[in-house]
Amino acid sequence: MGSRSRGWDSVNKNYLSIDIGGTKIKSAVIDRSGNILTRGRMDTPKNLTEFLTGIETIVEDVQGSIRGIAVSTPGKVNPETGTISFGGALPFLDGVSLKQLLAKYQVPLAVTNDGKAAALAEWWLGNLKGIQNGAAITLGTGLGGGVIVEGKLIQGAHFQAGELSFLLNATKRSDAPENAEQPNNQGLTLQQLAGFSGSAVAMIRRSAQLLGLADLADGEAVFDAINQKEPQVWALFTAYCREIACVILNVQAVIDLERFVIGGGISAQAIVVEEIDRQYQQLLASLPILQQTLTKPDIQACKFQNDANLLGALYHFFLEHEMK
């Protein structure tokens, strides 16, 4: 399409949502009710120049027919300025303000963190709908998250609420690779972060190694073995689910939520949420004071998988531009 922008007029009824991921950028035109009308997908560029060109191409393909732009991205996000800090898997996004860079298209734009987007999608149309106090946890390379308290998404004083990957474990996991960094008295190691011990990607890779698979990212084969409770991987899987249960218990002790929903690719496997819930109950049973004091939250799978960030980014747009 040409470079002319019609701006934000009443004729345009739909919205462009963009989900920036570490390997793919997904886009969709979505209506006000959350129905996805068209989809797009491209490989995530490896530098800022190519990234901006790709984003501009996505926008210009629908320019003149959208009411606004919603973006989900890794990294810490200041929603007021649209500025990304750190950038997660995409460090070249550090310091980038998407609101400034895309201002030339003359339509409202909202930017949010991907974990928060997942929580908003579930709160809008998914398994957190009607829940005043709840959280979404996404299981991927690390642990993403978003927390809803008293009917409002928590951003935090520094826009980093829900960064569950940075919860600490006191000791190194016993099943960590032999070449993993060893904890010492001089400082922390990556292995002591929940994002390391709770990495679904790392769990799949380690399981594939134990099974002797040629493809260490073959999650389907790994879960075939897990569902059969094959000894090579069952102990690793249950230990992984216990890590996630510990994260939930720690968050629950601080915030006291009604429901946690579990997302990420592996949450499509029913055994994941079942085992996390079982491990949580075992944690409570192992210490009577926990069972007596902490009310167990409901633990469910997320309703949305691959579309969660697209939908959640759009709902954040509504909160920022149309619900004030």
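The values are calculated or read from the model by the stated rules, or taken from the named source; none is laboratory data. Being a predicted model, the structure only gives us computed values, none of them experimental. Methodologically, a virtual Cβ is constructed for each residue, glycine included, from the backbone with ideal geometry; neighbour enumeration extends over all protein chains shown. Accessible surface areas use protein heavy atoms only, side chains included; no ligands, DNA or RNA. Shrake-Rupley method; radii C 1.70, N 1.55, O 1.52, S 1.80 Å.
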Can you give the accessible area per residue of the chain, in Å², using a 1.4 Å probe? 47 Å²
Residue-span extension gain [Leu48 to Ala285] - 0.36 nm each, minus C-alpha spacing: 80.3 nm
Overall Cα dimensions of the stretch 204-324 - principal axes, largest extent first, Å: 55, 40, 17
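On a 1.4 Å probe surface of the protein chains, which of Thr57, Thr293 comes out largest in accessible area, and what is the full order? All intermediate terms of the calculation are to be shown ahead of the outcome.
On the way: Thr57 70, Thr293 95 Å².
Largest accessible area first, the list is Thr293, Thr57.
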Accessible-area order for Glu163, Glu122, largest to smallest, probe 1.4 angstrom, reads Glu163, Glu122
For the stretch 212-324, the accessible surface attributable to carbon and sulfur atoms (probe 1.4 angstrom, ligands and nucleic acids excluded) amounts in percent to 50 percent
Please give the helix 231-255 orientation as an angle from the longest Cα principal axis of the chain, in degrees from 0 to 90, rounded to the nearest 10. 70 degrees
So, taking all protein chains as they sit and a 1.4 Å probe, how much accessible area belongs to Arg67, in Å² rounded to tens? 60 Å²
Charges on Cβ only, +1 for Lys and Arg, -1 for Asp and Glu, centred on the Cα centroid of the chain; of Gln305, Val29, Trp123, which one is farthest towards the dipole's positive end? Val29
Among Gln305, Gln63, Gln269: highest mean-square fluctuation, GNM of the chain, C-alpha pairs under 10 Å: Gln269
Within the stretch 77-126, what whole-number % of the accessible surface is contributed by carbon and sulfur, with the 1.4 Å probe and all protein chains included in the calculation? 54 percent
Counting only protein chains, not ligands or nucleic acids, how are Glu275, Glu60, Glu50 ordered by accessible area (probe 1.4 Å), most first? Glu50, Glu60, Glu275
At a probe radius of 1.4 Å, what is the per-residue accessible area of Met323, in Å² to the nearest 10? 90 Å²
Pick out which of Glu220, Glu258, Glu243 has the largest mean-square fluctuation in a Gaussian network model of the chain, springs linking Cα atoms closer than 10 Å. Glu220
Pick out which of Gly312, Gly156, Gly64 has the largest mean-square fluctuation in a Gaussian network model of the chain, springs linking Cα atoms closer than 10 Å. Gly156
Charge dipole of the stretch 37-141 about the Cα centre (unit charges at C-beta), most positive-ward option of Gly68, Gln106, Ile58: Gly68
Alpha-carbon centroids, the stretch 223-254 and the stretch 76-127: separation in whole Å: 31 Å
For Tyr15, the accessible surface traced by a 1.4 Å probe with all protein chains present amounts, in square angstrom to the nearest 10, to 10 Å²
For Gln132 paired with Glu274, estimate the spin-label separation in nm (one decimal), with each label point 7 Å from Cα along the Cα-to-Cβ line. 3.4 nm
